[in-house]
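Novice: Starting off with a structure, shown below.
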Amino acid sequence: NAGVTQTPKFRILKIGQSMTLQCTQDMNHNYMYWYRQDPGMGLKLIYYSVGAGITDKGEVPNGYNVSRSTTEDFPLRLELAAPSQTSVYFCASSYSRLLYEQYFGPGTRLTVT
Amino acid sequence: DAKTTQPNSMESNEEEPVHLPCNHSTISGTDYIHWYRQLPSQGPEYVIHGLTSNVNNRMASLAIAEDRKSSTLILHRATLRDAAVYYCIPTLQTGANNLFFGTGTRLTVIP
């Protein structure tokens, strides 16, 4: 299994541009998550999904949108990028709600200038 | 959420045991203590978790104080690959939006 894959690995955006961060998992996990990690800080939950067609906000959802049309994919959309969204974005998935089962992807490093 | 206090950084010599402390004095009776770690330039990975009893797995041991206000992650023989940021997270065992990461302890392993 490839586990959780994320693309792209790096991206530089100009202020006001939009982009979609891709996340795919091949473990048939129901739960998927998006986190952001600012320099020197811990991770904060942006959005999560408990299954195809179901999404909910996490701790820091403003400026982002998500969709979950399939079990495998959970893209994160940034509209009107701002410098405050400069961060490393991690996608994770889990089979259940058990918190010790989250598997994380390698991350996408995003810079907004 | 229970607040946690962890040292910002610790050092260990390779092949020696490492004890990573965590204070969580406001932990609730239903919170489990989860430990995750984040290797350089990678996403976090699960290490271990427990409720009241000490726990062991292939990666580490978790020693939980009798009053549950603190815990210690024990790496029995540190390797260079164990250099990472270690996060102590007291939280419910379930709940999609309940994994709150603090700033953790950065462990440096000296060859």
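Values in this text are rule-based calculations from the coordinates and carry no lab data. Not measured: the values here are computed from a predicted model. Every residue, glycine among them, receives a Cβ derived from its backbone with ideal geometry; neighbour counts consider all protein chains shown.
Novice: Taking every DSSP beta bridge with both residues inside the protein assembly as shown, roughly what % is antiparallel (nearest 5)?
Specialist: Values: 63 of 72 bridges.
Restricted to the protein assembly as shown, the bridges split so that about 90 percent are antiparallel.
Novice: Another question, if that's okay. Work out the mean other chain Cβ neighbour count within 10 Å for the residues of B:30-39 and drop it here as an integer.
Specialist: Working: counts 0, 0, 3, 0, 4, 1, 6, 0, 6, 0.
Other-chain Cβ atoms within 10 Å of each residue's Cβ, averaged: 2.
Novice: Could you give the nm distance between label points at A:T113 and B:L80, where each point is 7 Å from its Cα heading toward the beta carbon?
Specialist: Result: 3.3 nm between the two label points.
Novice: A follow-up question, please. Multiplying the sequence separation of B:A65 and B:N13 by 0.36 nm and subtracting their Cα-Cα distance, what value in nm do you get? Before the final figure, lay out the partial values.
Specialist: Values: separation 52, 0.36 × 52 = 18.72 nm, distance 2.57 nm.
Computed gain between B:A65 and B:N13 is 16.2 nm.
Novice: Across peptide A:27-40, how many C-beta atoms of other chains are within 10 Å of each residue C-beta, on average? Let's see the in-between values first.
Specialist: On the way: counts 0, 0, 0, 1, 1, 1, 3, 0, 4, 0, 4, 0, 0, 4.
Other-chain Cβ atoms within 10 Å of each residue's Cβ, averaged: 1.
Novice: Under 10 Å, Cα contacts only: if you run a Gaussian network model on chain A, which one of A:L98, A:L13, A:L76 comes out with the highest mean-square fluctuation?
Specialist: Ranking A:L98, A:L13, A:L76 by mean-square fluctuation puts A:L98 first.
Novice: A further question on this structure: For segment B:1-69 and segment A:46-113, what is the separation of their Cα centres, given in Å?
Specialist: 25 Å
Novice: What's the local net charge at A:V4, with K and R +1, D and E -1, over the other residues with C-beta under 15 Å away? Write out the running numbers ahead of the final one.
Specialist: On the way: positive: A:K9, A:R68; negative: A:D26, A:E72, A:D73, A:E101, B:E45.
Its environment carries a net charge of -3.
Novice: Convert 25 °C to kelvin, take the viscosity as 0.890 mPa s, use the Kirkwood radius over C-alpha pairs of the protein assembly as shown as Rh, and evaluate the Stokes-Einstein diffusion coefficient in µm²/s, rounded to a whole number. Please list the in-between numbers first.
Specialist: On the way: Rh = 18.1 Å.
The diffusion coefficient I find is 136 µm²/s.
Novice: What does the charge count around A:A81 come to, taking other residues whose C-beta lies under 12 Å from its C-beta (Lys +1, Arg +1, Asp -1, Glu -1)? Please report the intermediate quantities before stating the final value.
Specialist: Values: positive: A:R11, A:K14, A:R77; negative: A:E79.
Overall, the nearby charge balance is +2.
Novice: Hey, what D do you get for chain A in µm²/s if you plug the Kirkwood alpha-carbon radius into Stokes-Einstein at 10 °C and 1.306 mPa s?
Specialist: Taking Rh from Cα pairs, D becomes 114 µm²/s.
Novice: Let me ask something else about it. What value in Å³ per residue do you get for the convex hull of the alpha-carbon atoms in chain B?
Specialist: Details: hull volume 10.4 nm³, N = 111.
Cα convex hull per residue, to the nearest whole number: 93 Å³.
Novice: Amide H to amide H under 5 Å from B:S70: which residues, 5+ apart in sequence or cross-chain, H placed 1.01 Å off N in plane?
Specialist: B:H24, B:A65
Novice: Sort the following peptides by mean Cβ neighbour count (other Cβ atoms within 10 Å, averaged over residues), highest first: B:64-76, A:27-39. Let's see the in-between values first.
Specialist: On the way: B:64-76: 16.5, A:27-39: 19.5.
In descending order of packing, they fall as A:27-39, B:64-76.
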